[in-house]
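Asker: Input: one structure, supplied below.
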Amino acid sequence: MKATMAMKPLAILATVFVLAGTVQAQRQMEKLDRGAVAIAQGDGKVYVGWRLLGTDPNDVAFNVYRGDTKVNDAPIANSTNVVDEQGDPNALYAIRAVVDDVETQACPERSRRDVASLQQAVKVWSRSYFSVPLQKPAGGSCPDGQRYTYSADDCSVGDLDGDGDYEIVLKWEPSNSKRPPQTGFTGPHLLDAYELDGTHLWRIDLGRNIRAGAAFTQFLVYDFDGDGKAELVCKTADGTVDGQGNVIGDADADWRLLASSSDPKYGKILDGPEYLTVFDGQTGAALATTDYIPPRGDIGGWGGIGGNGGNDNTGNRVDHFSACVVYLDGVWPSAVMIRGWYGRTVLAAWDWRDGKLTQRWVFDTHDGGTGKDGKPDLDYAGMANHQVTVADFDADGRDEICVGAMVVDDDGHGLFTTGLRHGDALHVSNLDPTRPGLEVFGIHENEGRTVAFGTPGAAMYDGRTGEIIFGVGPGADVGRGVAADIDPRHLGCENWGGPGGLRDCQGRTICKATPSSTNFVIWWDADLTRELLDRNHIDKWNWMEQTTDRLLTATECSSNGGTKAVPCLSADLLGDWREEVIWRTSNSTALHIYTTTIPTTYRFHTLMHDPQYRLAIAWQNVAYNQPPHVSFYLGAGMKAAPRPNIRR
């Protein structure tokens, strides 16, 4: 299958290749502290981990202090963790950088709160997780009398107050949330902000005029204007109440369809204004509100060759949303809001600068200006996934947006479309390190009238050109798929999902057996391969026995998303470069942040200073959550990791 692409002059491409990494501007990234953690391991031992920042000098080393006592004999230069064999569970642990044999002073303790995980001098955790208490909201009832309760759901993180550590933004999901085809009412989505000690900063009530469910509310937490404090951007409507109690739009408006319950539009919201709002991350106050782009328009105008190839005028396809953060100019982040998955797809890019929200561009698969040549190219329709990812696909220092089987360039024109159509899972990284640049692995739906297309159920394509590298299962309807390095005997990221068992990065079957889950992946133990994250547990693929071994079970916690079984968030939040998991407790009264206590000799910059990975954390809550990936190959047999081209 050949990709459609507007070709760039070879001379220009050559210049980009030669100068890439030398003329590209540095990206503005958030300022982070060391994110130190100390965890008791028993027998008097304490595990200590901390961040290597993307702006640290290459030769930086570290000293670790237990109170006033230095734990290490010589500065630690080959890792960012240590086990204190003479540990004291009642002591404070501090990290001090050593540069040119000179030790820097630790930052003073923050006296306003005592959070073990985020101070330079930290208390010792008594267990491998940290509990963040929540203020669980009361439920309510809908016009049909149905009552609902709330569960903690997706999370995102950002430095909301500019103090160098992360705060959590949590979405509360009502028990009667819906998918767009389903009729009926839902309770409103609520968004909360918390410090890691459980201090509740604010609550935003999105109100009755936005339905609740995975397809509707996609919230972005990021420092969009570079002032050191993250904002929140999401879709709002009449009756949305900001974190200071102020109402957006008409507080009394009710746009829910109250017709007969047999009406296929019953309980849906297919009329009334739609807004886009920027909220202050520290206070939850609405800073700017404008019309959401694109509007619904003709609700029967969103069908196409994605999914089952059908259409509807009952509010299904028109009400599928996604969103992402993207560096369109290579320096400052923008917000991109997306409507439509199965047919027509529209992306609208927005900038938040100097207190003003301005539109940068709109990409519409039904417009005549889609291609680079300015001519209509409707091959982009029907290519969007249940999620989105962001990366610098063409290595020009600026990001592109991949919504599944197509990629939109930083200037708002189509870069290429593969024709692979809509799918449910998406993974982007240097999956095959023998090839230049990034690769995209995804799985695809084949159902109804689209089976005749013979689209591969699983496929990988080149992120620069859209060239199909391999495809398996023509006409197969595949619902789950993953790409990650889980077998060190094969260079690159293995992939599974669809026919063919476990495959190497070039699509060749390694073995017929596959891991016990096809969900999230996580860097957790001491080696460079990735582990499996599913439901409330972490597992390890045993490549010798072709079985899966359990590493951790969070017995008091539950996953989200029903059969999707995803965590609230997985990300490199604390400690060294390996990832943490945020799960909700089963009664949603707290979030538990789990971190590894397994020592490793590998040292990398915090993954949150790899721009592609950091943006993946921003879009992880979007629609069908997917795990984050870095912009380079991080796995067995890897080359040295690149230094992030960032500034703080």
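The values are calculated or read from the model by the stated rules, or taken from the named source; none is laboratory data. Note that the structure is predicted; figures quoted are calculated from it, not measured. Here the Cβ positions follow ideal geometry from the backbone for every residue, glycine too, while neighbour counts run over all protein chains shown. The protein model used for the area step is the full one, side chains on, heavy atoms only, and it has no ligands, DNA or RNA in it. Shrake-Rupley method; radii C 1.70, N 1.55, O 1.52, S 1.80 Å.
Asker: Name every residue in the stretch 457-473 that is touching a residue at least 60 places away in the same chain (Cβ under 8 Å) and either in a loop (DSSP other than H, G, I, E, B) or crowded, with 23+ Cβ neighbours inside 10 Å (or both), in order of residue number.
Answerer: Across the stretch 457-473, the qualifying residues are TYR461, GLY463, ARG464, THR465, GLY466, GLU467.
Asker: Where residues in the stretch 224-259 are among the charged types (D, E, K, R) and open to solvent by less than 30 Å² (accessible area, probe 1.4 Å), which of them is farthest from the chain's Cα centre (by Cα)?
Answerer: Top of the filtered list is ASP238.
Asker: Mind telling me which of the residues ARG530, ARG614, ARG550 ends up being in contact with an Asp or Glu (Cβ under 7 Å, 6 or more places away or on another chain), of a type in the set (Lys, Arg) and buried (at least 24 other Cβ atoms within 10 Å of the Cβ)?
Answerer: Result: ARG530 is the single residue among ARG530, ARG614, ARG550 that is in contact with an Asp or Glu (Cβ under 7 Å, 6 or more places away or on another chain), of a type in the set (Lys, Arg) and buried (at least 24 other Cβ atoms within 10 Å of the Cβ).
Asker: Let me spell it out: the conditions are (1) modelled with pLDDT of 95 or more; (2) open to solvent by less than 60 Å² (accessible area, probe 1.4 Å); (3) polar (S, T, N, Q), and GLN119 meets all of them except one. Which number is the exception?
Answerer: With respect to (1) modelled with pLDDT of 95 or more; (2) open to solvent by less than 60 Å² (accessible area, probe 1.4 Å); (3) polar (S, T, N, Q), GLN119 is out only on (1).
Asker: Of the conditions (1) crowded, with 18+ Cβ neighbours inside 10 Å; (2) among the hydrophobic types (A, V, I, L, M, F, W, C); (3) out of contact with any helix residue (DSSP H, G or I) (no Cβ under 8 Å at 6 or more places or on another chain), ALA138 fails just one. Which one is it?
Answerer: The one condition ALA138 does not meet is (1).
Condition check ((1) small (Gly, Ala, Ser); (2) open to solvent by less than 10 Å² (accessible area, probe 1.4 Å)) across all residues:
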residue: ARG317; (1), (2): no, no
residue: LEU328; (1), (2): no, yes
residue: VAL331; (1), (2): no, no
residue: VAL346; (1), (2): no, yes
residue: GLY355; (1), (2): yes, no
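Asker: Further question on the same structure: Can you spot a residue in the stretch 569-588 that is open to solvent by 40 Å² or more (accessible area, probe 1.4 Å) and among the acidic types (Asp, Glu)?
Answerer: No.
Asker: Return only the number of the condition from (1) touching a Cys at 6+ places or on another chain (Cβ under 9 Å); (2) surrounded by fewer than 19 Cβ atoms within 10 Å (Cβ to Cβ) that HIS490 does not satisfy.
Answerer: (2)
Asker: Quick check on the stretch 73-84. Is at least one of its residues more than 16 Å from GLY164 (Cα to Cα), modelled with pLDDT under 95 and out of contact with any His (no Cβ under 8 Å at 6 or more places or on another chain)?
Answerer: Looking for residues that are more than 16 Å from GLY164 (Cα to Cα), modelled with pLDDT under 95 and out of contact with any His (no Cβ under 8 Å at 6 or more places or on another chain), one finds none in the stretch 73-84, hence no.
Asker: Condition check: open to solvent by less than 30 Å² (accessible area, probe 1.4 Å), under 21 Å from ASP534 (Cα atoms) and in contact (Cβ under 8 Å) with a residue 60 or more places away in the chain. Does CYS557 satisfy that?
Answerer: no
Asker: Pick out the one residue from ALA253, ALA237 that is within 25 Å of GLN182 (Cβ to Cβ), in contact with a Gly (Cβ under 7 Å, 6 or more places away or on another chain) and without any contact (Cβ under 8 Å) to a residue 40 or more places away in the chain. I'd like the intermediate steps shown before the answer.
Answerer: On the way: ALA253 fails: without any contact (Cβ under 8 Å) to a residue 40 or more places away in the chain.
Being within 25 Å of GLN182 (Cβ to Cβ), in contact with a Gly (Cβ under 7 Å, 6 or more places away or on another chain) and without any contact (Cβ under 8 Å) to a residue 40 or more places away in the chain holds for just one of ALA253, ALA237, which is ALA237.
Asker: A further question on this structure: Against the condition over 26 Å from VAL388 (Cβ atoms), touching a strand residue (DSSP E or B) at 6+ places or on another chain (Cβ under 7 Å) and in a strand (DSSP E or B), how does LEU574 come out, does it pass?
Answerer: Against the criterion (over 26 Å from VAL388 (Cβ atoms), touching a strand residue (DSSP E or B) at 6+ places or on another chain (Cβ under 7 Å) and in a strand (DSSP E or B)), LEU574 does not qualify.
Asker: If a residue must be under 18 Å from THR283 (Cα atoms) and touching a helix residue (DSSP H, G or I) at 6+ places or on another chain (Cβ under 6 Å), how many such residues does the stretch 161-212 contain?
Answerer: Summing the residues that are under 18 Å from THR283 (Cα atoms) and touching a helix residue (DSSP H, G or I) at 6+ places or on another chain (Cβ under 6 Å) in the stretch 161-212 gives 0.
Asker: Which one of these is surrounded by 19 or more Cβ atoms within 10 Å (Cβ to Cβ), among the β-branched types (Val, Ile, Thr) and free of Cβ contacts under 8 Å to residues at least 40 places away in the same chain: VAL64, VAL46?
Answerer: Unique residue meeting the criteria: VAL64.
Asker: Sticking with this one: Here is a check on your reading of the model: is GLY404 touching a strand residue (DSSP E or B) at 6+ places or on another chain (Cβ under 9 Å) and open to solvent by 10 Å² or more (accessible area, probe 1.4 Å)?
Answerer: no
Asker: Look at the stretch 419-450 and say how many of its residues are open to solvent by 20 Å² or more (accessible area, probe 1.4 Å), modelled with pLDDT of 95 or more and outside any loop (DSSP other than H, G, I, E, B).
Answerer: So the answer is 0.
Asker: Separate question: Working only within the stretch 295-309, note down all residues that are touching a residue at least 40 places away in the same chain (Cβ under 8 Å) and either open to solvent by 10 Å² or more (accessible area, probe 1.4 Å) or touching a Ser or Thr at 6+ places or on another chain (Cβ under 6 Å) (or both).
Answerer: Passing the criteria: GLY301, GLY303, GLY304, ILE305, ASN308, GLY309.
Asker: Then there is this: May I ask you to verify whether ARG211 is in contact (Cβ under 8 Å) with a residue 40 or more places away in the chain and crowded, with 21+ Cβ neighbours inside 10 Å?
Answerer: Details: in contact (Cβ under 8 Å) with a residue 40 or more places away in the chain: yes; crowded, with 21+ Cβ neighbours inside 10 Å: yes.
Yes: the conditions hold for ARG211.
Asker: Just to be sure before I move on: is LEU160 closer than 16 Å to LYS229 by Cβ, open to solvent by 30 Å² or more (accessible area, probe 1.4 Å) and not acidic (Asp, Glu) in the structure I sent?
Answerer: It is false that LEU160 is closer than 16 Å to LYS229 by Cβ, open to solvent by 30 Å² or more (accessible area, probe 1.4 Å) and not acidic (Asp, Glu).
Asker: Testing PHE224 on (1) in contact (Cβ under 8 Å) with a residue 24 or more places away in the chain; (2) within 22 Å of ARG317 (Cα to Cα), one condition comes back false. Which one is that?
Answerer: If we test PHE224 against (1) in contact (Cβ under 8 Å) with a residue 24 or more places away in the chain; (2) within 22 Å of ARG317 (Cα to Cα), just (2) comes out false.
Asker: Could you tell me whether THR514 is open to solvent by less than 10 Å² (accessible area, probe 1.4 Å), farther than 12 Å from PRO627 by Cβ and of a type in the set (S, T, N, Q)?
Answerer: no
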